[in-house]
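First the structure, in the form of structure tokens, and then the observations on it.
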Amino acid sequence: MSDDHAVDLSVTWLGRAMPGCLYNASGVWCREEDELAALRASAAAALITKSATLAPRDGNPEPRYHPTPLGSINSMGLPNRGFDYYLDFARRYGDGGGKPLFLSLSGLTLDDNCAMLRRLAEAGLPALPEINLSCPNVPGKPQLGYDFGATAEALDAFDAAYPGLYGVKLPPYFDPAHFAAMAEILNRHRRLAFVTCINSIGNGLVVDVDSEAVVIKPKDGLGGLGGDYVLPTALANVREFCRLLPGKDVVGCGGVKSGREAFMHILAGARAVQVGTCLHQEGPGAFARIAAELAALMRAKGYRRLDDFRGRLRTL
Ligand code: SIN
């Protein structure tokens, strides 16, 4: 047996086993069935679909995604095939041979989110909902996760609409008072089993010096930042919500491009880790590479399992 095999990257959570800890961030490589099939065939340990609205959407005008040396800026505007498309995929996916399937939901209204949750519950599938409270890119629709009252109301409605375990994707928070306020709301909901931290840092502005212009068209150039820009903010959100949400899991998302950043997220407490910008740039082969790098780093440090170091970030 090689040393690689001595390291176990598997994760058990939400009552199921995942063969590894890495999967895609919603929005990347998951809008079309052929993309989801490529993820399934890759070393990704789970799949999450593009955030679905009730009806299909074309999204914002192009250009709406731009890679930069430090990551990416996007204002996609929720282009997706509509909830029925992803529900149908989930029906055919079944248990995915051990790779869990998450359905990302981003209804344009609370009623839309509840309608999708009810339909998912009626379908009786193993797919788990991750409700997106944090898309920064739909003009005229503020990020719900920054409105604590509306978030509390939404979670009450989700509880009523959906009888199973669910998760939410949060925007980044930047102040301890906001971590505490959001955690107090989330902790009132027993079946809220996980939070994904973080969505992109919303409404950044990338400027091209040569053209003296913005680089994406929607919202006069404002868009969500991903990649290196967001890693420290993502880690802070993972660590703080791990501390503040006992009994719930935190999924790390933000700035993962190698085994080192995956290690950092787990050290900060993440149960599993999503990959966004790097997956967009490299394709599904990124999962095997990052997993091998994480395994090599763990081996070098003498760790055999993720539990050996998860949440053990030291302070000074
Ligand atoms: C988008 O489609 O605009 C990205 C989704 C998100 O950031 O939640």
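The values are calculated or read from the model by the stated rules, or taken from the named source; none is laboratory data. This one's a predicted model, so the numbers in the text were calculated from it and none came from an experiment. Glycine gets a Cβ as well: all are built from the backbone with ideal geometry, and neighbour counts include every protein chain shown. In case anyone asks, the SASA skips ligands and DNA or RNA and just uses the protein heavy atoms, side chains included. Shrake-Rupley method; radii C 1.70, N 1.55, O 1.52, S 1.80 Å.
Among residues of segment 45-56 that are open to solvent by 10 Å² or more (accessible area, probe 1.4 Å), those with a Cβ under 9 angstrom from a residue that is within 13 Å of the ligand (Cβ to nearest atom) and part of a strand (DSSP E or B), sequence gap 6+ or separate chain, pair up as Lys50/Asn80; Lys50/Ser104; Pro56/Asn80. Taking segment 127-145 as the range and being in a loop (DSSP other than H, G, I, E, B) and within 11 Å of the ligand (Cβ to nearest atom) as the test, the residues that pass are Leu133, Ser134, Cys135, Pro136, Asn137, Val138, Pro139, Lys141, Gln143. The residues on offer are Leu297, Leu245, and the sole one that is at pLDDT 95 or above and open to solvent by 10 Å² or more (accessible area, probe 1.4 Å) is Leu297.
Taking the residues in segment 86-109 that are surrounded by fewer than 17 Cβ atoms within 10 Å (Cβ to Cβ) and at negative phi as candidates, determine which candidate is nearest to the ligand (Cβ to nearest atom). Here the answer is Leu108. When the residues of segment 2-60 are filtered to those that are in a strand (DSSP E or B) and closer than 27 Å to Thr109 by Cα, the one that is farthest from the ligand (Cβ to nearest atom) is Leu47.
Filtering segment 163-204 to residues that are among the hydroxyl-bearing types (Ser, Thr, Tyr) and part of a loop (DSSP other than H, G, I, E, B) leaves Tyr173, Ser200. Residues of segment 110-126 that are away from the ligand (no atom under 14 Å from the Cβ) and buried (at least 23 other Cβ atoms within 10 Å of the Cβ): Met116, Leu117, Leu120.
For the residues Asp220, Asp228, Asp210, the requirement of being under 30 Å from Arg312 (Cβ atoms) and open to solvent by 10 Å² or more (accessible area, probe 1.4 Å) singles out Asp228. Exactly one residue among Phe179, Phe148, Phe174 is open to solvent by less than 40 Å² (accessible area, probe 1.4 Å) and away from the ligand (no atom under 16 Å from the Cβ), and that residue is Phe179. Looking at this structure, is Phe102 of a type outside the set (Asp, Glu), in a strand (DSSP E or B) and under 18 Å from Asn24 (Cβ atoms)? Considered against the rule, which asks whether it is of a type outside the set (Asp, Glu), in a strand (DSSP E or B) and under 18 Å from Asn24 (Cβ atoms), Phe102 comes out as yes.
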